[in-house]
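Beneath this line is the structure, given in structure tokens, with notes to follow.
We did not get these values from a lab; they are worked out from the coordinates using the rules stated. From a predicted model like this one, the values you see are computed outputs, not experimental measurements. All Cβ positions, glycine included, derive from the backbone under ideal geometry; neighbour counts span all protein chains shown.
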Amino acid sequence: MPEAQEDRIYWIDTLSRIAQPVLYHLTNRQLKEKMPVEGKIDDRPMYTHLEALARLLTGMAPWLETGSHEGEEGRLRQHYADLARQAIDAGTDPSSPDFMNFSEGYQPIVDAAFLAHAILRAPKELWEKLEPRVQQQVVAALKATRTRKPGFNNWLLFAAMIETALFRAGEEWDRMRVDYAIRQHEQWYKGDGIYGDGPEYHADYYNSFVIQPMLVDIIEAVANEEEAWGALQERIVKRAQRYAVQQERLISPEGTFPAHGRSLAYRFGAFQVLSQVALRNELDATIEPAQVRCALTAVIRRMIEAPGTFDENGWLTIGFCGHQPEVGETYISTGSLYLCSAVFLPLGLSASDPFWQGQADWSGKKAWSGQGFPIDKALKD
């Protein structure tokens with residue numbers, strides 16, 4: 001079997017391993033009963049279950065939407081798409097024991113946005129195929145978050161993402177929340193593909209965890225609704241492309257990357273932008289799609305195979321490389337960890353796509369083995 005094909009199988013197997021406990025227990029409406037809640041403060045059970053569902057699906061969505069319909073992969077994809085729809089029902093049905101919190105505290109606006117992002121990424125499988133009853137449950141859940149005021153930072157994009165999903169669903173939506181998030185992030189742009197997390201620059205991976213993926217998908221959905229939004233689309237995409245170049249260069253020959261900044265317990269979710277740009281076939285001309293796959297596969301293997309990454313029942317544990325509880329901030333709990341699924345976005349590409357063909361060394365491997373590699377240069381708007 002070609003190594004590239006083995007990589008795709010490995011990615012699917014790894015995503016399945018991560019997803020199985022969450023979706024299985026939700027379809028049986030036993031998530032709250034069965035899921036452990038590891039964390040540092042006592043309020044996490046209010047939020048952790050919505051985190052697990054929404055963050056998992058935001059990474060799975062492209063595979064569920066456009067993954068293979070043939071053979072064993074097609075069967076597995078359909079199985080998980082069915083489970084995902086049942087899980088959304090279980091989490092948004094007020095009569096369900098797994099009904100999730102969309103209105104208490106501030107955290108729900110975050111994970112309602114990740115659920116909205118999943119729907120935006122898989123409109124057929126995670127929206128159109130929902131029963132009308134479940135669609136109305138989802139709409140009610142998303143609208144319930146409007147009583148939450150987002151922080152003056154990347155959280156503005158959570159409010160905007162929720163409204164964007166409502167727009168795509170044909171529901172009443174708030175243009176002001178979308179406009180405010182887009183315009184404010186334009187003001188917070190620092191240069192060379194980097195946005196501030198609010199007015200200040202933060203040395204962390206939030207440009208990838210939240211800011212650029214949401215900006216790119218929001219602007220694509222609403223660009224035609226306002227001339228001012230459409231005028232920003234090209235530069236937003238170019239910034240994501242530039243940030244993806246930086247992300248690819250962060251990966252060492254051994255498949256490691258710098259453990260800096262907050263939320264390291266999201267593990268390889270730190271590479272969401274690189275994965276998203278690859279999914280969109282918008283990688284910089286200096287980067288071969290296969291080298292991104294090889295680099296990300298090295299990272300996934302390095303992290304997922306670390307002892308202690310899963311507990312005895314298959315749930316993710318808090319850590320960066322293995323079980324490292326001290327790495328988790330006070331807002332981190334078991335459900336939070338499922339944002340790692342964002343690395344798997346390229347599974348939405350066909351197995352015949354160049355991303356899944358051939359082998360190629362990535363920049364870090366080339367540089368540290370004496371091979372030639374392209375010089376780097378900053379992006380100028």
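Just going by the charge dipole of region 189-246, with Lys and Arg at +1 and Asp and Glu at -1 on Cβ, which of HIS202, LEU232, PRO213 is farthest out on the positive end?
My answer, from the dipole projection, is HIS202.
Placing +1 on the Cβ of each Lys and Arg and -1 on the Cβ of each Asp and Glu in the chain, which of THR145, SER363, GLN5 has its Cα farthest towards the positive end of the resulting dipole?
Of THR145, SER363, GLN5, it is SER363.
How big is D for region 1-157, in µm² s⁻¹ as a whole number, if Stokes-Einstein is applied with the Kirkwood radius of its Cα pairs at 20 °C and 1.002 mPa s?
132
Given 20 °C and 1.002 mPa s, compute D for region 233-381 with the Stokes-Einstein relation, Rh being the Kirkwood radius over Cα pairs; round to the nearest whole µm²/s. Intermediate values should be presented prior to the final figure.
Working: Rh = 16.2 Å.
This corresponds to a translational diffusion coefficient of 132 µm²/s.
Mind checking the dipole of region 8-64: about its Cα centre, +1 per Lys or Arg Cβ, -1 per Asp or Glu Cβ, Debye to the nearest 20?
Result for region 8-64 is approximately 140 debye, rounded to the nearest 20.
Take region 267-343, compute every pairwise Cα distance, and split them into 10 Å bins from 0; I just need the percent in each bin.
18, 45, 25, 12, 0
All other residues with a Cβ under 11 Å from the Cβ of GLU51 taken together, and with Lys, Arg as +1 and Asp, Glu as -1, what is their net charge?
Residues near GLU51 contribute +1 overall.
Residues of region 25-41 with amide nitrogen under 17 Å from the 7 Å Cα-to-Cβ point of ASN313?
25-39
Find out how many positive minus negative residues lie around MET35, taking Lys and Arg as positive, Asp and Glu as negative, among other residues whose Cβ is under 15 Å from that of MET35.
That sum, taken over residues with Cβ under 15 Å, equals -2.
Cβ neighbours within 10 Å, averaged per peptide: list 243-249, 42-48 in order, most packed at the top.
Top to bottom by mean Cβ count within 10 Å: 243-249, 42-48.
First select every other residue whose beta carbon is under 14 angstrom from the beta carbon of LEU120; then total the charges, Lys and Arg +1, Asp and Glu -1.
Once positives and negatives cancel, what remains is -3.
Whole Å is fine, so just give me how far the alpha carbon centre of region 82-138 lies from that of region 242-316.
Comparing the Cα centres of region 82-138 and region 242-316, I get a distance of 27 Å.
Per 10 Å bin, what is the whole-percent P(r) computed from every C-alpha pair distance within region 1-92?
The distribution over region 1-92 is 15, 45, 27, 11, 2, given as percents.
Highest first, please rank the peptides 320-328, 262-270 by the mean number of other Cβ atoms sitting within 10 Å of their residues.
262-270, 320-328
Can you give the calculated 222 nm mean residue ellipticity of the chain, where each DSSP H run of n ≥ 4 adds -39,500 (n - 2.57) and the sum is split over every residue, rounded to the nearest 500 deg cm²/dmol?
-16000 deg cm²/dmol
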